[in-house]
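**Student:** Questions regarding the structure given below will be posed in turn.
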Amino acid sequence: MMDPRKQRSKINLLIMAGFQGRIILVVVLAGFFCTAVNGYFYYSYVVESYDFILKYSSLSKELIEARYQDLFVFGVSLGLVNLVIVVIVATWTLIITHRAAGSVYHIRRVIREIKSGNTKARVHLREKDEFQNLAESFNQMMDELQEKHLLSTKNPS
């Protein structure tokens, strides 16, 4: 049976869909652009070189066709490797943005709690989340404000 915390985190990878989606879209588009440029240079250089070399070779027609078939398979394999790399980088980007978006989500949630009257609410982020320093500073600020508020209510001037 799967740990419910891990299952929940897989479902909620897109905490801030707009923010995370834009970053992942940029990564995927850049990856596809790089794949297309790579394919263009591969085709224009390698295939044209093969054309020139095989045009003047004494190989049989079957061997020449086999060389072109090998070249095609290599080109498709190169394209697929590029696409796999794009998927890996996009997945990694999703995980990184999840840590940042999760932190922002939790900080905003605590701010809403404090606005609604729960002045004891504090930000508690997961160990690998981003913005740990911000959460600590926010919690210190709230502790100091609460302490000043208690002092002012005990010693009214």
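**Student:** Would you mind computing, in nm to one decimal, how far apart the modelled labels at residue 29 and residue 64 are, each placed 7 Å from Cα along Cα→Cβ?
**Tutor:** So the two model labels end up 4.4 nm from each other.
**Student:** Just checking my list (i) -0.70, -1.19, -1.38; (ii) -0.63, -1.23, -1.53; (iii) -0.86, -1.15, -1.25 against log10 I(q)/I(0) by the Debye sum over Cα atoms at q = 0.14, 0.19, 0.21 Å⁻¹ computed from this structure; which label fits?
**Tutor:** (iii)
**Student:** Let me ask another. Explain nothing, just the number: dipole magnitude of the chain about its Cα centre with +1 on each Lys and Arg Cβ and -1 on each Asp and Glu Cβ, in debye rounded to the nearest 20.
**Tutor:** Values: 19 positive and 14 negative charges, 193 e Å.
Rounded to the nearest 20 debye, it is 920 debye.
**Student:** With a 10 Å cut-off between alpha carbons and a GNM built on the chain, which of 122, 99, 67 moves the most?
**Tutor:** With Cα springs under 10 Å in the chain, the top fluctuation among 122, 99, 67 is at 67.
**Student:** Please state, as a whole number in µm²/s, the translational diffusion coefficient that the Stokes-Einstein equation yields for the range 25-73 at 37 °C and 0.692 mPa s, with Rh defined as the Kirkwood radius across alpha carbon pairs.
**Tutor:** Working: Rh = 12.4 Å.
Answer from the Stokes-Einstein relation: 264 µm²/s.
Every number here is computed from the coordinates shown, using simple stated rules; none is lab data. Computed from a predicted model, the values in this text were never measured in an experiment. All Cβ positions, even for glycine, are placed from backbone atoms using ideal geometry, and neighbour counts span all protein chains on display.
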